[in-house]
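The next block holds one structure in the form of structure tokens; read it before the comments.
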Protein chains: 2
Amino acid sequence: MDVSPDNMPDNDVKTRKPRAPNSPPISGRATATGRAARNSEIVYRDLRDDIMNVALAPGAPILEKEVTERYGISRTPVREAILRLAEERLVNVFPKSGTFVSRIPVSELREAIVARKALEEVCVREATAKASKSRLMELRAIVQREQELAENGDEHAFHDADNAFHSGIAAAAGYPGIWTMIEKIRIQVERYRRLTLPQKGRMQLVVSEHSAVLDAIETGDGDAAVAAMMSHLNKLQIDIGTFQELWPDYFLFDEQRTQP
Amino acid sequence: MDVSPDNMPDNDVKTRKPRAPNSPPISGRATATGRAARNSEIVYRDLRDDIMNVALAPGAPILEKEVTERYGISRTPVREAILRLAEERLVNVFPKSGTFVSRIPVSELREAIVARKALEEVCVREATAKASKSRLMELRAIVQREQELAENGDEHAFHDADNAFHSGIAAAAGYPGIWTMIEKIRIQVERYRRLTLPQKGRMQLVVSEHSAVLDAIETGDGDAAVAAMMSHLNKLQIDIGTFQELWPDYFLFDEQRTQP
DNA sequence: GTAAAATATCTTGTATACTAGTTATACAAA
DNA sequence: TTTGTATAACTAGTATACAAGATATTTTAC
């Protein structure tokens, strides 16, 4: 375009240059931390967590003004947070009307599970091929931690450890970016999972399944590792019908996308 | 939280209710078109396209003010557009300093290609299993169109048709949402592809590869279809080293993520 | 002449005022 | 009582003003 900052020879006249920002993002830059303590980030995380925990139920309204007053900040950062949520399809913004927590779209849910399985399969296969001993020890430690948390019944911490296990496999495979993608997909599935989670003995089952996956990885049997992981992830596909009865208006069955 | 709009019995006193927004996003809603003509959307798409076309080169600064004046709008919608780009890692925002088009991170690039292959594999396999005759005819028409565009040398239209083919396969598989995910991944790869695209005879090669994929789908051979698709997508993995020489500062080699 | 400090000016982040559109409510008429 | 309409209140989108920090330039000391 007509920006042309460092293409033009700017060394002929020194005093006239109106301070074109000729500081591109240099590699080893100290201030590359970027958005660390931005208010919109805090609001975003809080709202996202509330939505994922179903503390904010699907269909519930989100009032900019209420959030504004709760945090004691202005509309601008709140609005940024809501826009991020809208992109992730966690909320629906109706232009001059209101913002609401989105309902769980079952068709997307199905696809999200399929996509996650595809990505986790790649990760676990690659992890089997090239995981270092230390990585395996880390993963085993996570499984052990899960065991302890399951015994204590600490659901929240167990949930974190669960994530750490899957994240660790992606890291062992050398695919941290793919784990980022899985996490984005997981956001969609998480609300559904939170509704179905409080089943007795579920944590113990997860521990044994994780352990089986790790066993296969350690023996270097890629196919077995993939099979164990698929078996594990298939547990997500409990039939949605039963939960449809419990929370009828939490789910959305037709397609009707809001943004093309 | 303390919103509680339609949970409270609001039918006792009629005149005092301060218009709590008791209109959740009803399913069959007419105004569900949502963001149609929003300025931030226009700016976002234009900037994104410019970045993907490498018209805005990696490292180039993006000045809110310049965009503001170009579109004749205020900073707010421009800012929203830039924030969306920042989430997709197409730009880097340095808080009180400036915004720059991000460099192409080669490690993420590698992972993006792996992820795309995993997702496309699922799509093409499922499409082979359950594509209707009409879907197959549509896909064949797209391939034919690609052939014609390749002969005419219309690179831009060919690019669209290319996307339509992959999108069509996802649709045939019943996974339109997965295509959305692939598109998000594709954004990252697209810039690299645009740099490597102008190779002679590339379009003709793509046509034949697409045709091979479709042949396998039509015969119902899932494994062959997957193999053909993988062979097609592997073409993306040309060694990056050669292009590193041509555009040394377009790529980023170390990790250094900006947002945790 | 060199280097360091001061200053000017740019950048993005935030707050607030205003606009335009939507929905609920009140009210009137049948 | 029901139905249509007017109005009032609330919504998100936008514009603009201000604040805080960073970089480039200028100035000053030596």
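Which of the residues spanning region A:75-103 are buried (at least 17 other Cβ atoms within 10 Å of the Cβ), closer than 16 Å to A:Val189 by Cα and among the charged types (D, E, K, R)?
A:Arg89, A:Arg103
Sort out which residues of region A:161-200 are within 14 Å of chain B (Cβ to nearest Cβ), assigned to a helix (DSSP H, G or I), among the hydroxyl-bearing types (Ser, Thr, Tyr) and open to solvent by less than 40 Å² (accessible area, probe 1.4 Å), and write them in order of number.
Within region A:161-200, just A:Ser167 meets the criteria.
Out of curiosity, is A:Ala129 part of a helix (DSSP H, G or I) and more than 25 Å from B:Lys117 (Cα to Cα)?
It is false that A:Ala129 is part of a helix (DSSP H, G or I) and more than 25 Å from B:Lys117 (Cα to Cα).
Taking the condition more than 12 Å from DNA strand C (Cβ to nearest atom), facing chain B (nearest Cβ under 8 Å), modelled with pLDDT under 70 and open to solvent by 20 Å² or more (accessible area, probe 1.4 Å), does A:Met1 pass?
It is true that A:Met1 is more than 12 Å from DNA strand C (Cβ to nearest atom), facing chain B (nearest Cβ under 8 Å), modelled with pLDDT under 70 and open to solvent by 20 Å² or more (accessible area, probe 1.4 Å).
Please go through region A:81-100 and pick out each residue that is more than 13 Å from DNA strand C (Cβ to nearest atom) and outside any helix (DSSP H, G or I).
Across region A:81-100, the qualifying residues are A:Glu88, A:Arg89, A:Leu90, A:Val91.
One residue is enough: does region B:39-62 have a residue meeting the conditions open to solvent by 40 Å² or more (accessible area, probe 1.4 Å), in a loop (DSSP other than H, G, I, E, B) and within 11 Å of DNA strand D (Cβ to nearest atom)?
The answer is no, given that none of the residues of region B:39-62 is open to solvent by 40 Å² or more (accessible area, probe 1.4 Å), in a loop (DSSP other than H, G, I, E, B) and within 11 Å of DNA strand D (Cβ to nearest atom).
From the list B:Arg70, B:Arg89, B:Arg116, which residue is within 15 Å of DNA strand D (Cβ to nearest atom) and within 13 Å of another protein chain (Cβ to nearest Cβ)?
B:Arg70
Having 1 or more residues that are not assigned by TED's automatic domain parsing to the domain that holds B:Ser132 is the bar; report the helices (runs of 4 or more DSSP H) wholly within region B:201-253 that clear it.
B:241-246
The values are calculated or read from the model by the stated rules, or taken from the named source; none is laboratory data. Model, not experiment: these values are computed from the prediction. FYI the Cβ positions are ideal-geometry reconstructions off the backbone, even for glycines, and counts take in every protein chain you see. Ligands, DNA and RNA are stripped out before the accessible areas are found, and what is left, the full protein with its side chains, is counted by its heavy atoms. Shrake-Rupley method; radii C 1.70, N 1.55, O 1.52, S 1.80 Å.
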